[in-house]
Amino acid sequence: MKVAAVTGLAAEAEVARRAGITAEPSGGIAAQTTAIAENLLRDSADALISFGLAGALAPGLAPGALLVPRAVIDESGARYTVDADWRMRVIDALRGAGLWLEERDVLGAGEVAASLTRKAEFHRITGAAAIDLESHLVAQAALRAGRPFLVLRAVADSATQALPDAAVHGLARNGKPALGRVLRSVARDPRQIPALVKLAADTRRGLDALASALRAISF
């Protein structure tokens with residue numbers, strides 16, 4: 001089975017590529033995410049993974065926690081179930097490697113949950129453990145094509161960690177940091193710097209966890 005990964009960040013796609021998986025970043029842009037997913041399926045991918053980082057909604061999930069949910073929920077309340085057999089093979093491999101994972105659903109949303117209030121609200125309404133911008137779109141594309149899909153994510157920011165403005169608006173269309181926007185945001189509010197430094201370290205924890213997960217899995 002030829003597997004391809006859809007990510008938001010270029011750094012996430014690079015982790016997947018180092019493991020031998022075809023991967024394309026969408027920059028967190030919905031239309032690009034859908035187009036990339038459809039193109040990967042059209043270009044011979046047999047299955048899709050929504051791969052990368054996520055923001056925790058459930059209390060207690062620390063940066064680096066792996067997420068292998070049973071399903072993706074979108075903001076309309078629709079629920080998309082991942083391929084059950086594939087998911088169990090992945091879970092068995094991760095547990096066999098001694099890795100801890102979270103199995104609750106994730107929320108695919110149209111925008112980042114940056115504030116603590118927004119994170120708490122999403123968790124209360126949906127019960128989802130975490131949120132990202134791509135998983136529901138990957139699920140929809142896979143289901144339209146009659147192909148299996150899976151979600152493999154790692155937490156970058158906890159439910160008690162608000163995201164600074166520079167992080168929320170600092171991503172370019174190619175999934176790389178938009179340095180100009182980041183610097184302008186920091187210039188407007190230098191108080192963001194400690195939060196940005198922490199988020200950078202937590203992002204690295206998440207990426208390292210994803211790399212460890214892929215080393216344990218055979219596709």
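I'd like the residue in the range 162-204 that is part of a loop (DSSP other than H, G, I, E, B) and open to solvent by less than 20 Å² (accessible area, probe 1.4 Å) and, out of all such residues, is farthest from T34 (Cα to Cα).
P164
Consider the range 1-60 and keep the residues that are touching a residue at least 60 places away in the same chain (Cβ under 8 Å) and among the polar types (S, T, N, Q). The one that is farthest from T203 (Cα to Cα) is T34. Filtered by the rule that a residue be under 20 Å from V112 (Cα atoms) and either among the acidic types (D, E) or open to solvent by less than 10 Å² (accessible area, probe 1.4 Å) (or both), the range 9-26 gives E12, A13, E24, S26. Counting only strands (runs of 3 or more DSSP E) that fall entirely inside the range 60-115 and contain at least 3 residues that are closer than 15 Å to I131 by Cβ and polar (S, T, N, Q), no element qualifies. In the set (1) over 22 Å from A16 (Cβ atoms); (2) acidic (D, E); (3) modelled with pLDDT of 95 or more, E111 fails one condition alone, (3).
Looking across the range 64-80, just one residue is under 23 Å from R95 (Cα atoms) and open to solvent by 40 Å² or more (accessible area, probe 1.4 Å), and that is R70.
Residues that are buried (at least 24 other Cβ atoms within 10 Å of the Cβ) and among the hydrophobic types (A, V, I, L, M, F, W, C) were ranked within the range 32-51; the one that is nearest to the chain's Cα centre (by Cα) is F51.
Filter the range 174-190 down to residues that are among the charged types (D, E, K, R) and more than 16 Å from the chain's Cα centre (by Cα) and give me whichever is nearest to A11 (Cα to Cα). Ranking the qualifying residues of the range 174-190, first place goes to R181.
The values are calculated or read from the model by the stated rules, or taken from the named source; none is laboratory data. Just so it is clear, the model here is predicted, and its values are computed rather than measured. Backbone-built Cβ (ideal geometry, glycine too); neighbour counts: all protein chains shown. Note: areas computed on protein heavy atoms with side chains; ligands, DNA, RNA excluded. Shrake-Rupley method; radii C 1.70, N 1.55, O 1.52, S 1.80 Å.
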